[in-house]
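What follows is calculated from the coordinates using simple rules that are stated; it is not laboratory data. Quick caveat: nothing in here was measured; it's all calculated off a predicted structure.
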Amino acid sequence: MAVFLIQHAESKPKEEDPERTLTDEGSENINKISSYARQHINVSVDRIFHSGKLRARQTAEVLAGYLKPAEGVSETDGLEPMADPTIWAKRISQIQNDIMLVGHLPHLGRLTSVLLGADATKSIVNFRNAGIVKLSQAPDDNWMIDWIIVPSIV
């Protein structure tokens, strides 16, 4: 099983746009990453989950356009910036299919730490807007980082 973690693409500041839609650069970056993920590393997921915040939904929709998840895109709870990371750590333990989670910091960093067996307050991955972190579950049920791609290297 694999879990792909994505910090939403760059969004406009709250002062400029209270809805925090994606910037032009954010849209460009998530399209670039999504195309690369599909064409060069053959990323395939059954479902893409997002937090429901507009910037996460827009990011998830672009990813879905390229990756065509069989079960589509779903808004869900527990992916908000300050959500408890153990919510999704427990859910992931009950899912058998490859999934993608589009969310926010600090939640994604905390979730990654919990899955990798570290304290949730310790930063293990330096997430970037529109970047993808692939975690895989080993046969012993431990999680490991397989790879990370960010717009600046694609």
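Helix-only mean residue ellipticity at 222 nm, the chain, DSSP H runs n ≥ 4 weighted -39,500 (n - 2.57), per residue, nearest 500. What is it?
One gets -9500 deg cm²/dmol as the mean residue ellipticity at 222 nm.
In whole Hz and in residue order, list the ³J(HN,Hα) couplings for region 51-59 that follow from phi through the Karplus curve 6.51 cos²θ - 1.76 cosθ + 1.60, θ = phi - 60°; x for Gly and Pro.
For region 51-59, the Karplus-derived couplings read 6, x, 5, 3, 5, 6, 5, 4, 4 Hz, x marking Gly and Pro.
Read phi for every residue in region 118-124 and hand back ³J(HN,Hα) as whole Hz from Karplus 6.51 cos²θ - 1.76 cosθ + 1.60, θ = phi - 60°, with x for Gly and Pro.
For region 118-124, the Karplus-derived couplings read 9, 5, 4, 8, 8, 7, 10 Hz, x marking Gly and Pro.
Grab the eigenvalues of the alpha-carbon gyration tensor for the chain, scale each by 5, take roots, and send me the semi-axes largest first in whole angstrom. Intermediate results must be reported in sequence, preceding the final value.
Working: eigenvalues 99, 64, 42 Å².
Semi-axis lengths for the chain are 22, 18, 14 Å.
How much length, in nm to one decimal, is gained on full extension between residue 77 and residue 12, taken as 0.36 nm per residue of separation minus their Cα-Cα distance? Could the numbers behind the result be given before it?
Details: separation 65, 0.36 × 65 = 23.40 nm, distance 2.27 nm.
Length difference between fully extended and current span is 21.1 nm.
Among the listed pairs 32/122; 53/134; 53/90, which are separated by more than 25 Å between their Cα atoms?
Among 32/122; 53/134; 53/90, the Cα-Cα distance tops 25 Å for 32/122.
For region 28-75, just the Cα atoms, rotate onto the principal axes and tell me the three extents in Å, largest first.
Result for region 28-75: principal-axis Cα extents of 29, 24, 11 Å.
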